[in-house]
Every structure is written in C-alpha cells, then in structure tokens.
Amino acid sequence: MKVLLDTHTFIWWDSQPEQLSKEIVEFLLQPDTVKIVSVVSLWEIQIKSQLGKLTLNQPLEKIYHSQSQNGLSFLAVNPAHALRLGVLPLYHKDPFDRLLIAQAMTEGLTILTRDKIFNLYAVPVLSI
C-alpha cells in the first residue's frame, strides 16, 4: 500500500514513534508499505519552525536526508495537484492539509493522519 504521511505523522515517525499506535508502527515497518512524504510537509515544518510554533530534535535538512536513506519517498507538487484544489470542498481551511488531500486524491494514495477532517473528503484515510 502507498501511504502519504500527514505532517505530524512524518514528524512522529521520525522522532516520536511512541505517538503512533503499535498497529501503525507495525504497518509502516512492513516492506510492502510505500511511505511517501509531500514536499508540502517539509514546507510546513520549515515555516512553523521559523515562527517558533514547532521545535524539532534536529535540523529539518538532517531529518530529510536520514528519512530519504530510510526508504521514504518525497512527493513534489505538480500542476495537477494545484488544479485539484479547485474542486475540493472547503471543509478544511488549512492550506497545507488541503494540498496534501489534493495530492493523495490525484496520486491514489491513502493518508495517514490523526486529523478527522480528512475523513470528509473522498480520499482513503488511515487513522493513526
């Protein structure tokens, strides 16, 4: 299964796996689970870190490189993702999350998140 990690899921997977359920950790460790993180999440983390709203255990660049080596793939934003935003209902007001939803819909991915608003969209969600 191909899964898109929501931003908080990515942070927890990297540095606080105890925040994730045992079942989700086991699922993420399975070799056939393709773990994907959006560049949107890196952007969100960088902004929130600079604003003092998020503290990381190490610089984002180090997290990115270590997770790349650990088998996570990173998904860039393309025009199809941005255009998909135009048809999304405005259930979710967070622009980062809306773009993650658009990416998951466009790419056929399941989103791993704790955010219940994602369930309002026509996208597969796996609750962490």
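The values are calculated or read from the model by the stated rules, or taken from the named source; none is laboratory data. Source: prediction; values computed, not measured. Don't worry about glycine lacking a Cβ; one is built from the backbone with ideal geometry, like all the others, and counts go over all protein chains shown.
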Tell me, yes or no, whether the range 42-65 has at least one residue that is under 12 Å from the mean Cα position of the chain (by Cα), surrounded by 15 or more Cβ atoms within 10 Å (Cβ to Cβ) and closer than 23 Å to Leu120 by Cα. yes
Verdict on Phe74 being among the aromatic types (Phe, Trp, Tyr) and touching a residue at least 60 places away in the same chain (Cβ under 8 Å): no
Enumeration of residues in the range 81-99 that are in contact with a helix residue (DSSP H, G or I) (Cβ under 7 Å, 6 or more places away or on another chain) and farther than 19 Å from Glu44 by Cα: Arg84, Leu88, Tyr91
Return a yes/no flag: does the range 79-96 have any residue that is closer than 20 Å to Gln19 by Cα, modelled with pLDDT of 95 or more, in a helix (DSSP H, G or I) and under 14 Å from the mean Cα position of the chain (by Cα). no
Please count how many residues of the range 103-113 are within 16 Å of Pro79 (Cβ to Cβ) and either touching a Gly at 6+ places or on another chain (Cβ under 7 Å) or surrounded by fewer than 24 Cβ atoms within 10 Å (Cβ to Cβ) (or both). 3
Pick from the range 58-71, criterion touching a strand residue (DSSP E or B) at 6+ places or on another chain (Cβ under 9 Å) and part of a loop (DSSP other than H, G, I, E, B), ranking: modelled with the lowest pLDDT: Asn70
Only one of Phe74, Phe10, Phe27 is more than 21 Å from Leu99 (Cα to Cα) and either surrounded by 16 or more Cβ atoms within 10 Å (Cβ to Cβ) or among the hydrophobic types (A, V, I, L, M, F, W, C) (or both). Can you tell me which? Phe27
Only one of Phe96, Phe74 is in contact with a strand residue (DSSP E or B) (Cβ under 6 Å, 6 or more places away or on another chain) and aromatic (Phe, Trp, Tyr); which? Phe74
One residue from Ser49, Ser41 being in contact with a helix residue (DSSP H, G or I) (Cβ under 7 Å, 6 or more places away or on another chain), small (Gly, Ala, Ser) and either outside any helix (DSSP H, G or I) or more than 24 Å from Met1 (Cα to Cα) (or both): Ser49
